[in-house]
1. Give the calculated FRET efficiency between LEU21 and ARG159 to the nearest 0.05, with a Förster radius of 30 Å applied to their Cβ-Cβ distance.
2. For LYS29 and PHE170, what does the FRET efficiency come to when R0 = 25 Å and r is the distance between their Cβ atoms, rounded to the nearest 0.05?
3. Give me a comma-separated list of calculated 3J(HN,Hα) values for region 194-201, in order, Karplus coefficients 6.51, -1.76, 1.60 applied at θ = phi - 60°, integers in Hz, x for any Gly or Pro.
4. Normalised by the residues of the chain, what does the relative contact order come to in percent, with Cα pairs under 8 Å and at least six apart?
5. If one computes the Cα centroid of region 34-92 and of region 104-135, what distance in Å separates the two points?
6. For region 123-130, take each phi angle, set θ = phi - 60°, evaluate the Karplus expression 6.51 cos²θ - 1.76 cosθ + 1.60, and give the result in whole Hz per residue in order, putting x for glycine and proline.
7. Suppose only helical runs count, i.e. DSSP H with n ≥ 4. What mean residue ellipticity at 222 nm does that imply for the chain under -39500 (n - 2.57) per run, divided by all residues and rounded to the nearest 500 deg cm²/dmol?
8. Contact order normalised by length for region 1-110, with contacts defined as Cα pairs under 8 Å and 6 or more residues apart; what percent is it?
Amino acid sequence: MCYSATASFAAGGSLVVVGALTLSKAKGKAELPLASTPLLLSVQQILEGAVWSSFDSPSLNRAATHAFLSFALVLWPVFVPLAVALIERNPLRRQALGGFVLMGVAVGAYLLFYLARGPVASRIENHSIAYDVPYPNPSLVLAFYLVATCVSCLFSSYRMVNVLGGALLFSAFIANWVRGYAFISVWCFFAALVSGIVLLHVVYEGRRIAGLQGLAGRRL
């Protein structure tokens, strides 16, 4: 997150609460991956707090930077479409989401290769952290990354998941426009804020299912 280690740790701590609440509201095993999104983002924000705190220690900074980027670059393009696919009940939509999962795996594997190959570095620039990860065709890779993580949500039959995808896509454009040099850090912060939509989804779906069960019980 931009600005400071304190801000990153505070965001991470707040998301622990949101994440725990979201998981407690999840209905069924299939919903657990999506419900765990805020909690995973809390870990990511805490890792960036560690990056902020590690600039006086090159070895610690290197480890924290790699850990943060593993979340930001490798985990999300695979995890998001998979989590959305797991809750999808429409066969055609689930099949389409399977394609997004394959795209995410390809993007994640590509970025993991260059993350492991290095050199990877983090630096403070204008009160934000900029990450240097050299890999070919960054604009094209970013496009595929956004399709896997954001556009996949738009193919869900759940309205709040659609809202999540739209919010993630919009926040990506804002992050790139406001602080393109620190895009990864800033967008990850926006994504952490947006993840509250996942809580709204599980709460809404829980109430909808309870309502349907109540209606079925009255009919019996």
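A short reminder: the numbers here are calculations on the coordinates, not readings from a lab. Small disclaimer: the values here were computed from a predicted structure and weren't measured. Heads up, the Cβs are rebuilt from the backbone with ideal geometry, glycines too, and the neighbour counts pull from every protein chain shown.
1. Working: r = 20 Å, r/R0 = 0.68.
That pair, LEU21 with ARG159, gives E of 0.90.
2. Values: r = 31 Å, r/R0 = 1.23.
Efficiency at R0 = 25 Å is approximately 0.20.
3. Once rounded to whole Hz, the list reads 5, 4, x, 4, 4, 4, 4, 4.
4. Computed over the chain, the figure is 24 percent.
5. Going from one Cα centre to the other spans 13 Å.
6. 8, 8, 9, 6, 6, 9, 9, 9
7. Numbers: 10 runs with 159 residues, N = 220.
Taken over the chain, the calculation gives -24000 deg cm²/dmol.
8. Working: 120 pairs, mean separation 26.8, N = 110.
24 percent.
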